[in-house]
Amino acid sequence: GFTRNFSNSVSLNAIKTVTVVGGGLMGSGIAQVAAQAGQNVTIVDLKPELLEKAQKSIQNNLNRVARKVHKDDPSKIESFVKEASERIKVSTNIEDGANVDLVVEAIVEKLDVKQELFNKLDKLCPEHTILASNTSSISINEIGAGIKRKDRFGGLHFFNPVPVMRLLEVIKGDHISEETYQAMMSWGKSIGKTCITCKDTPGFVVNRLLGPYSAEAMRMYERGDASKEDIDIGMKLGASYPMGPLELADYTGLDTNKFVLQVLYEKTKHPVFKPIPLLDKLVAEGKLGIKTGEGIYKYKK
Ligand code: 3HC
């Protein structure tokens, strides 16, 4: 039984080697949690400078995790970081990352670019390799439209910051096999995440619900109903969210927010997802949030 006693059984389909395509914030987080869990990871990105940056940020975040895990025995911190780091290789060549059990794509949110990558991976990877996308909102079925292994393909959607957020959304494409789905669920568990499952529906579970919340917060601020600070304090102290909606939008990136809302509007036509002038203006001005030093709030560089 592949589906029974999952955590105790060593399955032939267990995922042990992973390639993450895309060395940005999400990609490096995914690589980190897999390496922490003892897996061998290859990060592939076209830009060598991004790979260098990814390795540095992984090193920093591994230290944060190590200090927490080994707070009673600090002598173990160094080896924890060293061992996890050594499990991560980087390459600018996708072929170096093809021969693995799982490939997770975390590149730019552009359908045609993702499709091209998956078509290439479909040809390069061995028969058994499972392919997955970390897209925040693009349709999984559309991303995989051109591949042959549709039974070994799905969505694995992580949340920022990946090493801290406990959730993983496992998205079932229309043609995913039960075996692939179970392998994805079990992999998610093995890297310490709690998995939820959903269909290939716009925004999946979390972004479908965060979208209207975040959009209404921005409209409230835009109308001047309350100050940005009070909107954020309201939701932190009145609903126990760790961050207020406007802080969270700056944290996630206003470009990402705009993109998610755009996709949700295209797919659902629900008016709550309609473009927000304030958001459009900030994005047009390059004020994308924390990463650019200014978004809804200003940040010290
Ligand atoms: N790597 C490793 N550890 C990290 C980390 C990182 N990148 N960032 C924070 N941490 C750790 C810290 O070391 C700290 O650990 P400790 O409590 O043991 O000391 C802990 O996380 C808390 O961090 P801080 O004390 O620095 O700050 P906060 O308590 O304010 O927590 C936060 C920061 C975890 C980001 C929290 O504010 C939070 O949960 N915010 C909401 C995040 C959220 O909603 N994310 C989802 C966005 S939507 C998304 O990603 C989907 C996409 O498709 C758009």
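Just so you know, all these numbers are worked out from the coordinates, no wet-lab data involved. Owing to the predicted nature of the structure, the values given are computational and were not obtained by experimental measurement. FYI the Cβ positions are ideal-geometry reconstructions off the backbone, even for glycines, and counts take in every protein chain you see.
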Entirely in the range 123-214, the strands (runs of 3 or more DSSP E) that have 2 or more residues that are among the acidic types (D, E) and in contact (Cβ under 8 Å) with a residue 60 or more places away in the chain: none
Of all residues in the range 265-280 being among the aliphatic types (A, V, I, L, M) and assigned to a helix (DSSP H, G or I), the one that is farthest from the ligand (Cβ to nearest atom): L278
Number of positions in the range 227-264 that are away from the ligand (no atom under 11 Å from the Cβ) and in contact with a Lys or Arg (Cβ under 6 Å, 6 or more places away or on another chain): 1
Scan of the range 208-224 for residues that are of a type in the set (A, V, I, L, M, F, W, C), away from the ligand (no atom under 14 Å from the Cβ) and surrounded by 19 or more Cβ atoms within 10 Å (Cβ to Cβ), ordered by number: M218
Residue pairs meeting the criteria (Cβ under 6 Å; at least 6 apart or on separate chains; first under 18 Å from K300 (Cα atoms), in the range 238-258; second of a type in the set (S, T, Y) and more than 8 Å from the ligand (Cβ to nearest atom)): A249/S214; D250/Y297
Candidate set: the range 175-201, residues that are of a type in the set (D, E, K, R) and surrounded by 16 or more Cβ atoms within 10 Å (Cβ to Cβ); chosen: the one farthest from A132 (Cα to Cα): K193
Complete set of residues in the range 225-248 that are in contact with a Leu (Cβ under 7 Å, 6 or more places away or on another chain) and either of a type in the set (K, R) or loosely packed, with under 15 Cβ neighbours inside 10 Å (or both): K228
